[in-house]
Each structure stands twice: as C-alpha cells, then as structure tokens.
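Here the structure comes first, spelled out in structure tokens, and everything after it is commentary.
The values are calculated or read from the model by the stated rules, or taken from the named source; none is laboratory data. Computed from a predicted model, the values in this text were never measured in an experiment. We place every Cβ from the backbone using ideal geometry, glycine too, and count neighbours over all the protein chains shown.
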Amino acid sequence: MDSFLSEAYLNMLATDLDGTLVGDDRACDELLEYLNMNYHRFGLTYITGRHFNSVMQLIAETALPRPDILVTDVGTVIHVLDRNSEKRSDAYSIDETWQKLMQKDWQPENIDEIGKQIAGLTRQQLPDNCRVSYYADSSLTANKFEDALVSANIKHTFVFSSGRDIDILPADGGKGQALRYIVRHYCQPQARILAAGDSGNDREMILSGFPAVIVGNARPELASIEESQLIYKATGKYAAGILEGWHHFYG
C-alpha cells in the first residue's frame, strides 16, 4: 500500500449513504461544497451496505460525486478511485490487501446451509458472496441465527439493523474495521476524520474510535449510544447533521 502514501489525505469524511448523506439534496450540496472549499487534500469516502453496481446507480440518479474511496457491502470491499490511471478518470481499483484479509476463514456456503434451517429468514440476492445477507421476520429469528453460527464455530461478524436486515460478514469485516484500515493506509497521521451514520449497520463505525456524528434522523437502534468526546448526536437531519458534526469537532 506504500504507493498510496504520497496521496494520503489530511481530511476525510467517511459517511454512510442512505439516510445519512442521501436524503436532502440541498444539504448534501452545501456540505460537500463547504468541505471541498475549506479543507486541503480532502478525501470523500462512502461506507455503505450497497454493492458496487447499486452505488453507481445511486450516484447516477442523485448526481452524487464519485468518492475517492468507496467501501461497499457493509465494509467488506474497498474500492479506490484511480485518478492516475490511463483508463477513465472514474476507474476504481479494489484494495487487494483488504480482500485477502476478508477471505481468511470465510465460509459463505456453510453460513447459507445454516440459514436454510431457520424459519423466518429470506436470503437476499447479491451479485457475489463477499457477505451473506438475509431478511429476518423478527429479532428473535436473528438471535436464533446468530446462536446457530456461534454453535457451529463459524468465524463471522453478525450485523442486525433496521429491525429486519441481517448481514453476515467475515470475522475481520465491517464498517468500523474498514474505516480503521483506510485511516491507517490512506490518511496522514493526525488527519481530521469524521464518520457519519444513521442505522445499526453504522454502529461499529460510530464506535470505531474516530470523531463521529449520528445524524438527527437516525433510527432508534442507535439511541443507546451516548454522546462523548468522540461521538456527537446532531439535531440536523441527513447531510445537515453531518455538517453540524464537522463544525462540532473541527470548527
């Protein structure tokens, strides 16, 4: 990863998309214009549960800027914008070091076999198996599934959000782990970092040890997180809440 160090970011916003950056177009434009105008060597990172093609479709539909770093599938794949490529300027390269880490002890087929045995689960159709995802009819079903995975000694990270969405990730995966990796490899020491989220699959990222904002429209599942020196609960919704959080930490 040394080839990226010369481009290390001094400032970075790492944000979820749906319900966080996306939701108020005017507030989103104001946030990104402010950060790009006022902060040198600013890196924009999207950390989302969507897969790559879904993010590209959202960008096209909403005129979002392409991020410098795109983390998809709940923190299991890291895509880096290759601005120096002879290809198109919007070409992304996958961080292969992170991908090797995600493949370690990963057992998607065994996870699916266990999922088939539990009533109340519906498998989500995804383009690849970098994560295994389901809809659950209740939190009890989700708990039963997690217990079964633990009993089978399958190494994994279990994420339950929005009262129905289950994401099974590699043991070292997740939005928080991906953000820590990105800060180590793509940011300068003492860089200004802000993480932003609104739902349960952002919880690990909010608690990852960097300044973080929970936007004002956040789901109740984040209510148990208390404010601290590193966690700010905004009153502003969507991108307005992100900008409020940036001002709170960095003036």
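Details
- Of all residues in the stretch 13-29 being outside any strand (DSSP E or B) and aliphatic (A, V, I, L, M), the one that is farthest from A191 (Cα to Cα): A27
- The set of residues in the stretch 212-230 that are closer than 21 Å to V22 by Cα and either of a type in the set (A, V, I, L, M) or within 15 Å of the chain's Cα centre (by Cα) (or both) comprises A212, V213, I214, V215, A218, L222, A223.
- Of the residues examined, Y186 is not one that is within 25 Å of N129 (Cβ to Cβ), touching a Phe, Trp or Tyr at 6+ places or on another chain (Cβ under 7 Å) and of a type in the set (S, T, Y).
- Residues that are aliphatic (A, V, I, L, M) and touching a Leu at 6+ places or on another chain (Cβ under 9 Å) were ranked within the stretch 97-122; the one that is farthest from T76 (Cα to Cα) is I114.
- Identification of strands (runs of 3 or more DSSP E) wholly contained in the stretch 30-124 with 1 or more residues that are assigned by TED's automatic domain parsing to the domain that holds F145 and within 22 Å of the chain's Cα centre (by Cα) yields 121-123.
- Scanning the stretch 94-116 for residues that are modelled with pLDDT under 95 and under 16 Å from L149 (Cα atoms) turns up just one, D105.
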